[in-house]
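Working notes, structure below.
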Amino acid sequence: MQRYTQLTSVVNVGLNGRLYISHGSLNNLPVPITLDPNTAQANLELSEELSCVRYSSQRMLPDNPERCTGGVCVLGAGGFVSGKHSWTVDVSRGKDWYIGVVRESIQRKGAMSLKPSDGVWIIGGIIGGVLWAQTSPRTRLECKQKPERVTVELDYDKGKVAFINAVDSKTIFVFKDKFTERIFPYFSTGIHDEGSVKTVSVHP
């Protein structure tokens, strides 16, 4: 019997532009949702409890093998090698967010390729009101209105990643592939420019 692990976290965007991630539960057991500071791009500042991230000025960080340097992103800690998992992302205040999953061996240094063939299964890029699935070539997704919360459903054993509009439960897009290594949640908040904060979020 497969164990269904539901990762529940809600990220609320405050006036300071931070993303706050709360914890959810499964069968009355706490399911911690934490971000991995060793993977965070140098412009992303994480809180001490690893439940908050915000875009900040670039810092000098160790260039460890896990760190992503080619994109403004951070990965979830731990990752998955089997089973079903889901989490919901609050993207209501984001403008150029990307969310989904990536495999452990993605290219983390230099320009990151955002294609399934390179181990990246994500959607986003809502600039101009257009949402994209990063297929190859990428797929334009028809949405009557910008989604505010998106649930990511990962079925590792079936090689499926589904994105669901958490407000009306309609499927936005589904990737189908074969996973052969550890898979991590992926979050890109976009870039902060003067007068605006571009962000994403998480919950189910």
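Observations on the structure shown:
- One residue from PRO30, PRO62 being at pLDDT below 90 and either crowded, with 16+ Cβ neighbours inside 10 Å or in a strand (DSSP E or B) (or both): PRO30
- Residue count, the stretch 94-139 (criterion: in contact with a Phe, Trp or Tyr (Cβ under 6 Å, 6 or more places away or on another chain) and among the acidic types (Asp, Glu)): 0
- For first residues located in the stretch 64-83 and of a type in the set (S, T, N, Q), partners that are surrounded by fewer than 16 Cβ atoms within 10 Å (Cβ to Cβ) and lie 6+ apart or on another chain with Cβ distances below 9 Å form the pairs ASN64/ASN38; THR69/ASP63; THR69/LYS109; THR69/GLY110; SER82/GLN2; SER82/ARG3; SER82/ASP157.
- Residue list for the stretch 122-134, filter: touching a residue at least 24 places away in the same chain (Cβ under 8 Å) and either of a type in the set (S, T, N, Q) or assigned to a loop (DSSP other than H, G, I, E, B) (or both): GLY125, ILE126, GLN134
- Among the residues of the stretch 108-120, those that are touching a Cys at 6+ places or on another chain (Cβ under 9 Å) and surrounded by 16 or more Cβ atoms within 10 Å (Cβ to Cβ) comprise ARG108, MET112.
- Unmet criterion (only one of (1) under 20 Å from LEU114 (Cβ atoms); (2) surrounded by 16 or more Cβ atoms within 10 Å (Cβ to Cβ)) for VAL174: (2)
The values are calculated or read from the model by the stated rules, or taken from the named source; none is laboratory data. Computed from a predicted model, the values in this text were never measured in an experiment. Neighbour counts run over all protein chains shown; Cβ positions are idealised from the backbone, glycine included.
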